[in-house]
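First comes the structure, then the notes that go with it.
The values are calculated or read from the model by the stated rules, or taken from the named source; none is laboratory data. This is a predicted model, so every value here is computed, not measured. We place every Cβ from the backbone using ideal geometry, glycine too, and count neighbours over all the protein chains shown.
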Amino acid sequence: MIKNNPLKLDKISLTTNWPVGPVNVYIIYGEKLTLVDTGLRNEKTWRELQDGLQKLDLSMKDIEQIVITHHHNDHAGLLDWIIKEHPIPVYAHENARPFIERDRDYFKWSDEFFEKLYDEFGVPNTLVKDSKRKKRTRRQLIEIDLRTVKEGDTIPGLHDWEVIETKGHSQDHISLFNQNSRQLICGDHIIKGMPAGIFLDAPFFSNEQRPKQLIQYIHSLKKCSKLNVSQAYSGHGPVMNHISKVIDEQMRRIENRANRTKKVLGNKQLTGFEIIQAMYPKRYEEAVGLFVSETVNLLDLLQHRKEVITKSRNGRLYYSLY
């Protein structure tokens, strides 16, 4: 085992049983032994994480701190189990706080926000109720020593690694970049061979506007393309040696989906849900929340480019081409 070597990384892959495949968590051998992300919260993943550590001649007690790239279940799900057994500092973006600390007021507001958004989008109530049943469960709060980070920060014990805000996939997404080794740990911001997964977050306060997350995501991609990255370590899939090619492919996917959305609109005026039905006629009921998130973000981008306009009628939003 190599310790105190900031260039040394190890990967542990953990089961998700999701289309995106296993989730990768990482060990950084810095001045402090650091775990980046945790995996899903279930017994199988818990055993896999401990087995993975054992294969590296480590145990949970050796981990000195945790960095969370973002709050999604496959990246932060085991956090409370780890902390309950081994209380250590946790570093994450400030926007992760309501999710990690399970802020009930924020969850309540978030539910209200999405109810309004779904209604404006024209999603039938039956599908909204089904989507709610699939949402996160409210678990008991575990006290966590949460320390927040932002763009340009370094984390104690990882002085060669700089925090890069890579918002878009979520509002709390961060990556870590080592300028000396040119390594980038990028969570779900960049995944080779996978489309951009943009999951809507409610604004953190009721008087804030909804963030335009696909526009943020494109900005974050461009930011990463300017870094001199030699290897990028994703939350899913293989290590990427040619990140510029992966970013270019991601941008092409976004353009293809945007053009497809415009083709569906044609000379019509449609609700968001009608667009989803036209784009995914056989699949929209399976994961309506994911399709709403994707379509809202594509329409945000097209409106930003002044290619689509929106009109409100009887509490519903209708979209058409300029």
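Please determine, by comparing only the residues of the stretch 143-156 that are free of Cβ contacts under 8 Å to residues at least 40 places away in the same chain and farther than 25 Å from HIS86 by Cβ, which one is surrounded by the most Cβ atoms within 10 Å (Cβ to Cβ).
GLU151
When you go through VAL246, VAL239 one by one, which is the residue that is in contact with a strand residue (DSSP E or B) (Cβ under 8 Å, 6 or more places away or on another chain) and surrounded by 20 or more Cβ atoms within 10 Å (Cβ to Cβ)?
Numbers: VAL239 fails: surrounded by 20 or more Cβ atoms within 10 Å (Cβ to Cβ).
Of the residues listed, the single one that is in contact with a strand residue (DSSP E or B) (Cβ under 8 Å, 6 or more places away or on another chain) and surrounded by 20 or more Cβ atoms within 10 Å (Cβ to Cβ) is VAL246.
With GLY289, GLY315, GLY266 as the choices, which residue is small (Gly, Ala, Ser) and farther than 17 Å from PHE121 by Cα? I'd like the intermediate steps shown before the answer.
Numbers: GLY289 fails: farther than 17 Å from PHE121 by Cα; GLY315 fails: farther than 17 Å from PHE121 by Cα.
Just one listed residue meets the conditions, GLY266.
With the requirement that a residue be more than 17 Å from SER59 (Cα to Cα) and in contact with a Ser or Thr (Cβ under 7 Å, 6 or more places away or on another chain), what does the stretch 21-43 give you?
Listed by number, the residues that qualify are PRO22, VAL23, ASN24, LEU40.
Which one of GLN216, GLN209 is surrounded by fewer than 15 Cβ atoms within 10 Å (Cβ to Cβ) and among the polar types (S, T, N, Q)? Break it down into steps so the answer makes sense when it comes.
On the way: GLN216 fails: surrounded by fewer than 15 Cβ atoms within 10 Å (Cβ to Cβ).
From the options GLN216, GLN209, the qualifying one is GLN209.
Considering only residues that are within 15 Å of GLN216 (Cβ to Cβ) and buried (at least 20 other Cβ atoms within 10 Å of the Cβ), which ones fall in the stretch 301-310?
LEU301
Inside the stretch 234-322, counting only helices (runs of 4 or more DSSP H) that do not spill past its ends, which hold 3 or more residues that are farther than 30 Å from ARG182 by Cα and charged (D, E, K, R)?
On the way: elements: 243-265, 272-279, 288-304.
Correct list: 243-265.
Hey, can you tell me all the residues within the stretch 209-227 that are in contact (Cβ under 8 Å) with a residue 40 or more places away in the chain and assigned to a loop (DSSP other than H, G, I, E, B)?
ARG210, PRO211, LYS212, LEU227
State all residues of the stretch 59-96 that are basic (Lys, Arg) and either at pLDDT 95 or above or on the phi > 0 side of the Ramachandran plot (or both); if no residue qualifies, say none.
As a first pass, look at the stretch 59-96 and keep what is basic (Lys, Arg): 61, 84.
Residue satisfying the conditions is LYS61 alone.
Please pick out the residue among SER206, SER230, SER234 that is of a type in the set (Ser, Thr, Tyr), in contact with a Ser or Thr (Cβ under 8 Å, 6 or more places away or on another chain) and touching a residue at least 12 places away in the same chain (Cβ under 8 Å). Step through it out loud before you land on a result.
Values: SER206 fails: in contact with a Ser or Thr (Cβ under 8 Å, 6 or more places away or on another chain); SER234 fails: in contact with a Ser or Thr (Cβ under 8 Å, 6 or more places away or on another chain).
It is SER230.
Given the criteria at pLDDT below 95, of a type in the set (A, V, I, L, M, F, W, C) and in contact with a Phe, Trp or Tyr (Cβ under 8 Å, 6 or more places away or on another chain), does VAL128 qualify? Outline the logic, then answer.
Details: at pLDDT below 95: yes; of a type in the set (A, V, I, L, M, F, W, C): yes; in contact with a Phe, Trp or Tyr (Cβ under 8 Å, 6 or more places away or on another chain): yes.
Spelling it out, VAL128 is indeed at pLDDT below 95, of a type in the set (A, V, I, L, M, F, W, C) and in contact with a Phe, Trp or Tyr (Cβ under 8 Å, 6 or more places away or on another chain).
Which count do you get for residues in the stretch 7-46 that are outside any loop (DSSP other than H, G, I, E, B), of a type in the set (D, E, K, R) and in contact with a strand residue (DSSP E or B) (Cβ under 7 Å, 6 or more places away or on another chain)?
So in the stretch 7-46, the residues outside any loop (DSSP other than H, G, I, E, B) come out as 9-14, 23-29, 33-36, 43-46.
Narrowing the set further to residues that are of a type in the set (D, E, K, R) leaves 10-11, 43-44.
Of the ones still in play, those that are also in contact with a strand residue (DSSP E or B) (Cβ under 7 Å, 6 or more places away or on another chain) are 10-11.
Residues in the stretch 7-46 being outside any loop (DSSP other than H, G, I, E, B), of a type in the set (D, E, K, R) and in contact with a strand residue (DSSP E or B) (Cβ under 7 Å, 6 or more places away or on another chain): 2 in total.
Kindly indicate which of PHE273, PHE291 is more than 24 Å from LYS167 (Cβ to Cβ), crowded, with 18+ Cβ neighbours inside 10 Å, touching a helix residue (DSSP H, G or I) at 6+ places or on another chain (Cβ under 9 Å) and among the aromatic types (Phe, Trp, Tyr). Even if it seems obvious, please write down each step before you answer.
Details: PHE291 fails: more than 24 Å from LYS167 (Cβ to Cβ).
Step by step, each of PHE273, PHE291 is checked, and only PHE273 is more than 24 Å from LYS167 (Cβ to Cβ), crowded, with 18+ Cβ neighbours inside 10 Å, touching a helix residue (DSSP H, G or I) at 6+ places or on another chain (Cβ under 9 Å) and among the aromatic types (Phe, Trp, Tyr).
Being part of a helix (DSSP H, G or I), under 19 Å from the mean Cα position of the chain (by Cα) and not hydroxyl-bearing (Ser, Thr, Tyr) is the filter here, so list the residues in the stretch 81-110 that pass it.
Taking the stretch 81-110 and keeping what is part of a helix (DSSP H, G or I), we get 81-85, 94-100, 104-110.
This time we only want the ones that are under 19 Å from the mean Cα position of the chain (by Cα), so: 94-100, 106-107, 110.
Selection gives GLU94, ASN95, ALA96, ARG97, PRO98, PHE99, ILE100, PHE107.
Which of the residues belonging to the stretch 157-180 are farther than 20 Å from PHE204 by Cβ, surrounded by fewer than 24 Cβ atoms within 10 Å (Cβ to Cβ) and either in contact with a Gly (Cβ under 6 Å, 6 or more places away or on another chain) or modelled with pLDDT of 95 or more (or both)? I'd like the intermediate steps shown before the answer.
Of all residues in the stretch 157-180, those farther than 20 Å from PHE204 by Cβ come to 157-162, 164, 175-180.
Okay, now just the ones that are also surrounded by fewer than 24 Cβ atoms within 10 Å (Cβ to Cβ), so 157-160, 162, 164, 177-180.
Hits for the stretch 157-180 are GLY157, LEU158, GLU162, ILE164, PHE177, ASN178.
Within the stretch 46-66, track down each residue that is surrounded by fewer than 24 Cβ atoms within 10 Å (Cβ to Cβ), in contact with a Ser or Thr (Cβ under 9 Å, 6 or more places away or on another chain) and either β-branched (Val, Ile, Thr) or within 17 Å of ILE88 (Cβ to Cβ) (or both).
Going through the stretch 46-66, the residues surrounded by fewer than 24 Cβ atoms within 10 Å (Cβ to Cβ) turn out to be 46-65.
Retained after the next criterion (residues that are in contact with a Ser or Thr (Cβ under 9 Å, 6 or more places away or on another chain)): 48-50, 52-53, 63-65.
Residues satisfying the conditions are LEU49, GLN50, LEU53, ILE63, GLU64, GLN65.
For THR16, are the conditions met, namely being touching a helix residue (DSSP H, G or I) at 6+ places or on another chain (Cβ under 7 Å) and at pLDDT below 95?
Details: touching a helix residue (DSSP H, G or I) at 6+ places or on another chain (Cβ under 7 Å): yes; at pLDDT below 95: yes.
Taking the combined requirement at face value, the residue satisfies it.
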